[in-house]
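The values are calculated or read from the model by the stated rules, or taken from the named source; none is laboratory data. Small disclaimer: the values here were computed from a predicted structure and weren't measured. Here Cβ is always computed from backbone atoms with ideal geometry, including for glycine, and neighbour counts include all displayed protein chains. Protein only, heavy atoms only, side chains kept; ligands, DNA and RNA dropped before computing areas. Shrake-Rupley method; radii C 1.70, N 1.55, O 1.52, S 1.80 Å.
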Amino acid sequence: MTTQARVHEDLGQGRRRVDLVVENIGQLVTLDAPGGAGKDGPLRGADLEFLGEVTDAVLACGDGLVLAAGPRDQVLARLEAAEAGLGDAERVDAGGACVIPAFVDPHTHLVFGRTRQDEYERRIRGETYLEIAAAGGGILSSVRDLRERSEDELVE
């Protein structure tokens with residue numbers, strides 16, 4: 001579990017101001033190494049299996065960047081100390097929900113038969129796209145799956 005707030009270095013120097021604060025986050029999932037596992041920066045590759053988690057969290061953004069994230073008390077104290085424009089920021093209440101990084105497919109299809117999340121997990125663990133395709137995965141497997149479905153299935 002991640003317990004330290006992460007705050008963008010530009011906040012302390014007044015170069016960035018907060019314009020959005022997401023509060024009341026029940027669980028914030030980060031790409032920080034859990035418990036500071038001796039790693040610096042965001043997790044990559046196979047390490048993505050071990051995501052950082054923060055309960056009772058806050059996320060602050062400005063100019064389209066995440067400027068601060070972590071335990072509510074720590075983040076708010078650091079933002080106030082940095083005089084980051086917290087009072088002018090738009091506030092969003094997450095209602096105790098989970099907030100996660102953008103774990104989304106960067107494109108969509110109106111009609112599809114199955115997701116390919118298993119392939120994304122394999123890529124995270126280090127398999128190449130060519131290895132996945134050779135094992136029967138990849139875009140051609142999606143095309144094949146789509147072609148094998150009935151029109152009723154696709155409408156559903």
Determine ³J(HN,Hα), in whole Hz, for all residues of region 115-127 in sequence, where each value follows from phi through the Karplus function 6.51 cos²θ - 1.76 cosθ + 1.60 and θ = phi - 60°; x replaces Gly and Pro. 7, 10, 4, 4, 5, 5, 5, 5, 5, 4, 7, x, 6
Mean separation of Cα pairs under 8 Å and 6+ residues apart, divided by the residue count of the chain: what relative contact order is that in percent? 28 percent
By how many degrees, between 0 and 90 and to the nearest 10, does the Cα long axis of helix 139-148 differ from the longest principal axis of the chain? 60 degrees
On a 0 to 90 degree scale, rounded to 10, what angle separates helix 72-81 from the longest Cα axis of the chain? 50 degrees
Solvent-accessible area, 1.4 Å probe, carbon plus sulfur percent, for the chain: 52 percent
Using θ = phi - 60° and Karplus 6.51 cos²θ - 1.76 cosθ + 1.60, couplings along region 50-59 (whole Hz; Gly, Pro as x): 10, 6, x, 9, 10, 9, 6, 10, 9, 10
Under a point-charge model restricted to the Cβ atoms of Lys and Arg (+1) and Asp and Glu (-1), what is the dipole moment magnitude of the chain relative to its Cα centre, in debye to the nearest 20? 380 debye
For region 63-71, Karplus-derived ³J(HN,Hα) couplings (6.51, -1.76, 1.60; θ = phi - 60°; whole Hz; x for glycine and proline) come out as 6, x, 10, 6, 9, 7, 7, x, x
Rolling a 1.4 angstrom probe over the protein heavy atoms, how many square angstrom per residue are accessible across the chain? 65 Å²
Stretch residue 31-residue 155 to full length: gain in nm at 0.36 nm per residue minus the Cα-Cα span? 41.0 nm
Calculated log₁₀ intensity ratio I(q)/I(0) where the Debye formula runs over C-alpha points of region 77-156, q = 0.19, 0.22 Å⁻¹: -0.94, -1.11
Taking Rg/Rh (Cα atoms, Kirkwood Rh) as the quantity of interest, determine which of (1) 1.03; (2) 1.10; (3) 0.98 was computed from the displayed structure. (2)
For peptides 57-70, 114-127, 19-32, 74-87, sequence by mean Cβ density within 10 Å, most packed first: 57-70, 19-32, 74-87, 114-127
At the level of C-alpha centres, the distance separating region 44-88 and region 108-152, in angstrom, is 34 Å
What does the charge add up to near residue 20, with Lys and Arg as +1, Asp and Glu as -1, over the other residues with Cβ less than 14 Å from its Cβ? -3
